[in-house]
Each structure stands twice: as C-alpha cells, then as structure tokens.
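Presented below is the structure to which this report refers.
The values are calculated or read from the model by the stated rules, or taken from the named source; none is laboratory data. In this text, all values refer to a predicted model and were calculated from it rather than measured experimentally. Here Cβ is always computed from backbone atoms with ideal geometry, including for glycine, and neighbour counts include all displayed protein chains.
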Amino acid sequence: MNLAMTENDRDFSLGKDPRLLHDAAEVLEMVGGLARGLEKIRKHQARAAGLRLPVFSLLEVVSSAGGKGITVTDAAFRLGVRPQALSGLVMELKESELIDRLKDATDGRARRLIITPAGSERLQQGANLRDRLLAEILNQIPSPNIARLVLGKLETALRSTQT
C-alpha cells in the first residue's frame, strides 16, 4: 500500500479547489465519528453479554467458525493480533465455559476453539442490544438505501486509495 503523495498530488489536491479539500476533510471526520460510534455500540454489546470487549470479540470469531471451530492461530489472524495475545482470553472463555478446546482431527498438536451453548447465549444478549440500537438508528435515517449507496461508494473510494 503506497499512500505517499508526490509533489504533483499535493499541487492538485490543494491548488485546484480548496472547497474539495474542505469537503473531503469533513467527510473523513464524519467517517471517524461513525467509527467511534460503532465502537461504542460494540462496547455496549460486550457489556450486555457480561464480557470485556476483547473477550467478546474473540467469542464472536469462535462463533462465526461454526461447529468445526477455529484454531487460535486463525482466530488471531481474524482479529489482527498475534496468537500469544489470545492465550489469556482463551483461558478466560474456557474457565467461564463459553468455549471448549478440542484436539484438531488433522493436527494433533493444534486445538480448536468451539463455542458452547452458554457462549452462544452470551453472544445473543449482545446481539439483542445491537439490534435494538440499529433499529433506533435506522428509524432516524430518511432513506437507508441512499445511506447504503453513499457509504458503499465511500468504502470503494477508500479501498482504491490503499492499492
């Protein structure tokens, strides 16, 4: 990913239309506000499930793997952390009986994390809160289809700058 600006890029972005720069900065600030708001929703979800956010996030990843479970290495990859960073979280979930650790059928050294029924119930508590909050948010948006279109275009534009 090469985000370095050349001299020509700076001349174009600053010299052609100062309103464009102002508008872009305003949009990026709004996106930052959305990200912070979504993070707050995730924290509320975790709290509703009686878990800290990192523990809740790991439980979500384990749940999304389904009945076959997921290795710690794969879970760490999905969360963007090193496997060692998950050891304490795995133990916390195991001691709370929210996950099980089973031997991998193909690799006897590896262990697979599998969500328990109690873990699924905890996630559902967080999902119920998220659904209520999202319903409140959607009721305040005049046209969810337009919001979806604009956010989709913004996401595509952001991705294109990261290549």
Could you please find all residues in segment 85-109 being touching a residue at least 24 places away in the same chain (Cβ under 8 Å) and part of a loop (DSSP other than H, G, I, E, B)? 98, 104
Would you tally the residues in segment 80-113 being under 15 Å from residue 52 (Cα atoms) and of a type outside the set (Gly, Ala, Ser)? 9
Residue that is nearest to the chain's Cα centre (by Cα) [pool: residues in segment 87-110 that are under 13 Å from residue 70 (Cα atoms) and buried (at least 17 other Cβ atoms within 10 Å of the Cβ)]: 90
Taking segment 1-55 as the region of interest, how many residues are part of a loop (DSSP other than H, G, I, E, B) and either modelled with pLDDT of 90 or more or under 22 Å from residue 78 (Cα atoms) (or both)? 5
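Suppose we filter segment 69-84 for residues that are farther than 10 Å from residue 115 by Cα and either in contact with a Gly (Cβ under 9 Å, 6 or more places away or on another chain) or in contact (Cβ under 8 Å) with a residue 40 or more places away in the chain (or both); how many remain?
2
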Can you tell me which residues in segment 117-143 are surrounded by 12 or more Cβ atoms within 10 Å (Cβ to Cβ) and touching a helix residue (DSSP H, G or I) at 6+ places or on another chain (Cβ under 6 Å)? 119, 123, 125, 126, 129, 130, 133
Select, from 50, 69, the only residue that is surrounded by 15 or more Cβ atoms within 10 Å (Cβ to Cβ) and over 26 Å from residue 158 (Cβ atoms). 69
Is it true that residue 58 is modelled with pLDDT of 95 or more and within 14 Å of residue 122 (Cβ to Cβ)? yes
For segment 99-117, give me each residue that is modelled with pLDDT under 95 and of a type in the set (A, V, I, L, M, F, W, C). 102, 105, 110
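Of the residues that make up segment 138-147, is at least one closer than 23 Å to residue 57 by Cβ and at pLDDT below 95?
Going residue by residue through segment 138-147, those that are closer than 23 Å to residue 57 by Cβ are none.
No.
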